[in-house]
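Quick one: structure below, then a few questions.
Please treat every number below as a calculation from the coordinates, not as lab data. This is a predicted model, so every value here is computed, not measured. Counting neighbours? That spans all protein chains shown, and the Cβs are built from the backbone with ideal geometry, glycine included.
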Amino acid sequence: MAFNKISRRLRIKRGIRNKIAGTQEKPRLSIFKSNKGIYAQIIDDSNGHTLTSASSLEEGAKLNIGSCKEVGKKVAEKASAAGISQVVFDRNGYLYHGKVKALAEGAREGGLKF
């Protein structure tokens, strides 16, 4: 089952990435979940650079909805310091609920628009 779940997410991820791309004016907010943490990066795909990033491991908090929301706020704070106000959201093949939704809501509360 794990192989099918992983291949399903990667198939969805390829479809999403064919439709969206980050530019200098509107970079891509990409997320990644693991069993130990959640990571968020703001990426400029035209140059291939990560502009800013945040993760739940920086604070040492447990992986739950509250820590995911804090990661979203932290990445939004770093983005505003870098002069970024609008992004394209890349859920990376994950379903938009739970931790992914909490991170997105935290980023919106922090001032990012997507």
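Cβ under 13 Å from LYS99's Cβ, LYS99 left aside: what net charge do those residues give with Lys, Arg +1 and Asp, Glu -1? Don't jump to the answer; show the numbers that get you there.
Details: positive: LYS33, LYS36, LYS62, LYS69, ARG91, LYS101; negative: GLU70, GLU105.
That sum, taken over residues with Cβ under 13 Å, equals +4.
Sort all Cα-Cα distances of the range 2-109 into consecutive 5 angstrom bins from zero, then give the percent of pairs in each bin up to the one containing the longest distance.
2, 13, 23, 24, 20, 13, 4, 1, 0
Still on this structure: In whole percent, what relative contact order does the range 26-76 give with Cα contacts below 8 Å and a gap of six or more residues? The partial results should precede the final answer.
On the way: 78 pairs, mean separation 15.4, N = 51.
For the range 26-76, the relative contact order is 30 percent.
Using only alpha carbon pairs under 8 Å that are at least six residues apart, calculate the relative contact order of the chain and give it in whole percent.
Numbers: 207 pairs, mean separation 31.9, N = 114.
RCO, the chain: 28 percent.
Taking H placed 1.01 Å from N in the peptide plane, check which residues at least 5 places from LEU51 or on another chain put their amide H under 5 Å from its amide H.
Those qualifying (amide H under 5 Å, at least 5 residues apart or on another chain) are ILE42, ILE43, ASP44.
Tell me, what HN-Hα J-couplings in whole Hz come from the Karplus equation 6.51 cos²θ - 1.76 cosθ + 1.60 at θ = phi - 60° for each residue of the range 107-114, using x for Gly and Pro?
5, 5, 5, x, x, 6, 10, 7
What longest range of the chain stays clear of loop-exposed trypsin sites (Lys or Arg not before Pro) (DSSP non-H/G/I/E/B, at most 12 other C-beta within 10 angstrom)?
Details: sites that count: LYS36, LYS62.
The answer is 63-114.
In the range 1-109, which GluC sites (Glu not before Pro) fall in coil by DSSP and have 14 or fewer other Cβ atoms within 10 Å?
Details: sites: GLU25, GLU58, GLU59, GLU70, GLU77, GLU105, GLU109; in loops: GLU25, GLU58, GLU59.
Of the GluC sites (Glu not before Pro), the ones in loops of the range 1-109 whose Cβ has at most 14 other Cβ atoms within 10 Å are GLU25, GLU58, GLU59.
For the chain, what is the mean residue ellipticity at 222 nm derived from helices alone (per DSSP H run of n ≥ 4: -39500 (n - 2.57); sum divided by total residues; nearest 500 deg cm²/dmol)?
Details: 3 runs with 46 residues, N = 114.
-13500 deg cm²/dmol, from helical runs alone.
Would you pull out the residues with amide H under 5 Å of VAL88's amide H, same chain only if 5 or more places away, H placed 1.01 Å from N?
Here ARG28, LEU29 satisfy the definition.
Additional query: Loop only per DSSP, at most 14 neighbouring Cβ atoms within 10 Å: give me the chymotrypsin sites (Phe, Trp or Tyr not before Pro) in the range 1-96, ordered by residue number.
Values: sites: PHE3, PHE32, TYR39, PHE89, TYR94, TYR96; in loops: TYR94, TYR96.
Loop-located and lightly packed - TYR96.
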